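The values are calculated or read from the model by the stated rules, or taken from the named source; none is laboratory data. Keep in mind the model is a prediction, meaning the values are calculated, not measured. With ideal geometry, Cβ positions are generated from the backbone for all residues, glycine too; neighbour counts draw on all protein chains shown. Areas reflect the complete protein model, heavy atoms only, side chains present, ligands, DNA and RNA absent. Shrake-Rupley method; radii C 1.70, N 1.55, O 1.52, S 1.80 Å.
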Amino acid sequence: MSNPQADKKDGTFITLVGGNNAKRIGGNSYVIEAQNEGKTSRVMVDLGAVITSFETGFESAFPDVSKYFDRINPDTGSFEEAKQPIDAIAITHVHEDHVGALVHLAKMGYMLPTIYTSKLTRNFVRIMFNKSGLPEPDIRAVKPGENIKVGEDLVMEGFMETHSAVDAMGFHFLSFKGDKADAGIVTHGDFFDGQETPFGEIDMWKSLEDIASRKPITHVLLDSTMAPYASKEQEKAQEKPRLSYDEYVNNVVGVIRENPGKVVVAPVIGRSFNNAGIHFKAAEALNTKVCLDGDWLVEMNRAMLLSGHKEFENLIYKGGMDEYLKDDKVPVKYVVDTGAFAQGMQEYEKLKDSGALIPMASATKMALGLHPHLKVNSNVLLVMSQRIIDEINGKTGPKMLQLFANQGATVVMNPSAQKVANFRVVPMQASGHITNSEMREYYHKISKIAPAAEFISIHGSEEQLKNTKRVITDEGGVCHVFVNSDVIELGKGVTVARDDLQQPQEWIGAERVYFNPLNPDNSIPRSGRLEYYKIDENFVRLSEKPIFVDMLSENVSSKPGDKNYYANHPELSSKMQKDENIMINAFTGKPVRTKSGKLRKENPLKSKARNKSFENFGGGRAD
């Protein structure tokens, strides 16, 4: 196979790393690259994990991006240089399928470049690293409208958009050929075309119109995570209109008032705080407080507070659940908890006889009768506002609902593809992704400000990607469908896959080995260990030997914003910080050496810190 770099002429390229998968959702990531006069500038957009099912045998899976990052091998301490180094990472939002690979890669010793994202996503990623006992990366909050130079020939500008995750961000990337603009790429991450959220309104179109007045828009990368239909007729017959947030809130309040005196349990996706906000507003209407239960939900609320989002802070109960359930001053007991996807249920059913210590979401514990504070009975109302998604919780979701009902609870569920038992169905929450009908309207809006723009489907299964093309083509647009590992050459009127540059995309799977207290193994920490394997897209191991093993022992965590590289390894501080020019492997405490055995004196990231913010982009070359 030819050398991809040797065959690239000057121009703009997108390499689809992950996300355009044959079947499963997630692992979203792609690289935008500008080749210009012998210089290469690269930015990676998102670095997510695949939402794996229990049957795969892996807790998480993500694209193998080793060629893009320098690495300090945690086992040997040696430095491994990136073959195609990235200048920056842009993150759209906090969901696992967009950020889930970051911590895994850091554990494996990969050195992440500067990350740019919204303030909320920055704070949550910091918490992710802190909880993993890792020094946080250099991660910076992007202000909407701020221009950031990436490498030498890319300019990045962020804008806010609406999704189930709060403060989701889209980006415009401008590339150069010679001293003139080459491609202008708008990417939305996950989004839907709406302004209203529980945490304020977002005017995405005002931002896009402003960008289009100053910069070209030649291509639009469109989120395709929506329900696919065979035709426009089927779409019209089956697609339900999106209600307003107030309508969803009123529906939830109505369900609760029809079941007076019951303890409300409302499982949510911990990182989808716009959806959790529906329950906060419902609690406000009921003049009560909510109890947050579940580790990542509590941490997400912490990130919200760090980011200045205090809209519903007075509605969140400050004591523990035992105290909350006994507090007569709380008129309606309203538990908002983790477990929208019944995380941990299949692992427990498979491994419970061995006594394995299995992490489980709050609602999963309740369904299985394992929650330490809340026992499910006829006094419980389960408000399941998260729809069942066949690819994610198609098996575990219905089972969790039935387990609640078997213990006497009243169950009300959101409309889903699956009808479970004869549970009442009430619209309580919409998808955070653009619908088919919304995409048709979106196309005509974007065509007014960027009439020559071509579209590329991203973030979806093969069926979903083709559905996006069908919708855009129906409306008269040009939409392309590509797959993972495709290298796409872009320009004005150019959108073509370069087959001569394509390289197979490999994946990495993380398998959790559980500690069994009934048959303890001293080689396994109580929290277990993660074994990382090279796998193919069907989750088949390419080798029986793991490429890396992470012992999930307790670490000393640093605080959000703590820049001390040694915060997680205090035993190193006195010995190894004497010479700041020596690169240290934080996992072993040993100096990093070159291949020839010499001490490495310079952190290679310093030589790559070329990304600078600059004032308003006014056309021509931005230096």
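Dividing the mean sequence gap of close Cα pairs (under 8 Å, 6+ apart) by how many residues segment 77-181 holds gives a relative contact order of 24 percent. Once you have a ≥ b ≥ c as the square roots of the Cα gyration tensor eigenvalues for segment 373-516, tell me rounded if a/c is under 1.5, and otherwise prolate or oblate according to whether a/b is larger than b/c. It comes out oblate by the Cα gyration axes.
Note that the chain presents 41 Å² accessible area per residue, ligands and nucleic acids not counted, probe 1.4 Å. Between residue 9 and residue 214, the C-beta separation translates, for a Förster distance of 22 Å, into a calculated FRET efficiency of about 0.20. Overall form of segment 187-231: oblate. Here a/c, set by the Cα gyration tensor axes a ≥ b ≥ c, is 1.5 or more, and a/b is not larger than b/c.
Taking the DSSP bridge list for the chain and keeping only pairs wholly inside it, about 65 percent are antiparallel.
Between residue 523 and residue 448, the C-beta separation translates, for a Förster distance of 56 Å, into a calculated FRET efficiency of about 0.35. For residue 259 and residue 417, the FRET efficiency from 1/(1 + (r/R0)^6), where r spans their Cβ atoms and R0 equals 30 Å, is about 0.70. Extension gain, residue 391 to residue 544, is 52.4 nm, computed as 0.36 nm per intervening residue step minus the present C-alpha separation. For the residue pairs 9/39; 350/399; 177/215; 9/177; 67/177; 39/177, alpha carbon separations beyond 19 Å are given by 67/177. Shape index of segment 197-269: Rg/Rh, with Rg the Cα radius of gyration and Rh the Kirkwood radius from the inverse mean 1/r over Cα pairs, equals 1.12.
Relative contact order of the chain, taken over Cα pairs closer than 8 Å and 6 or more residues apart, is 18 percent. Accessible surface ranking for 515, 54, 1.4 angstrom probe, highest first: 54, 515.
Here the chain has 48 percent of its accessible surface on carbon and sulfur atoms, given a 1.4 Å probe and all protein chains in place. Think of segment 336-390 as having a plus end and a minus end, set by charges on the Cβ of Lys, Arg, Asp and Glu; of 358, 385, 346, 385 sits farthest toward the positive end of this dipole. Dipole check for the chain: with +1 at the C-beta of Lys and Arg, -1 at the C-beta of Asp and Glu, and the Cα centre as origin, the magnitude is about 980 Debye. Segment residue 22..residue 351, full-extension length gain: 115.4 nm, with 0.36 nm per residue of separation and the alpha-carbon distance subtracted.
Label zone of residue 370 (point 7 Å out along Cα→Cβ, amide N under 19 Å): in segment 513-550 this covers 513-521, 525-530. Structural descriptor for segment 353-504: relative contact order 14 percent, calculated from alpha carbon pairs under 8 angstrom and at least 6 residues apart.
Placing pseudo-labels 7 Å out from each Cα toward the beta carbon at residue 83 and residue 240 gives an inter-label distance of 4.8 nm. Under a model in which nothing but the beta-carbon of Lys, Arg (+1) and Asp, Glu (-1) is charged, segment 41-124 shows a dipole of about 320 debye around its Cα centre. Projecting the Cα positions of 123, 173, 158 onto the charge dipole of segment 93-178 (unit charges on Cβ atoms of Lys, Arg, Asp and Glu, taken about the Cα centre) puts 123 furthest along the positive direction. Taking a ≥ b ≥ c as the square roots of the eigenvalues of the Cα gyration tensor of the chain, is the shape rounded (a/c under 1.5), prolate (a/b larger than b/c) or oblate? In terms of gyration-tensor shape, oblate. Computed extension length for residue 76-residue 318: 82.5 nm, one decimal, from 0.36 nm per residue of separation with the Cα-Cα distance subtracted. Loop-located GluC sites (Glu not before Pro) across segment 74-159 with a Cβ neighbour count of 12 or fewer within 10 Å are 81, with loop assigned by DSSP. A cut-off of 5 Å between modelled amide H atoms, ignoring neighbours fewer than 5 places along the same chain, links residue 197 with 202.
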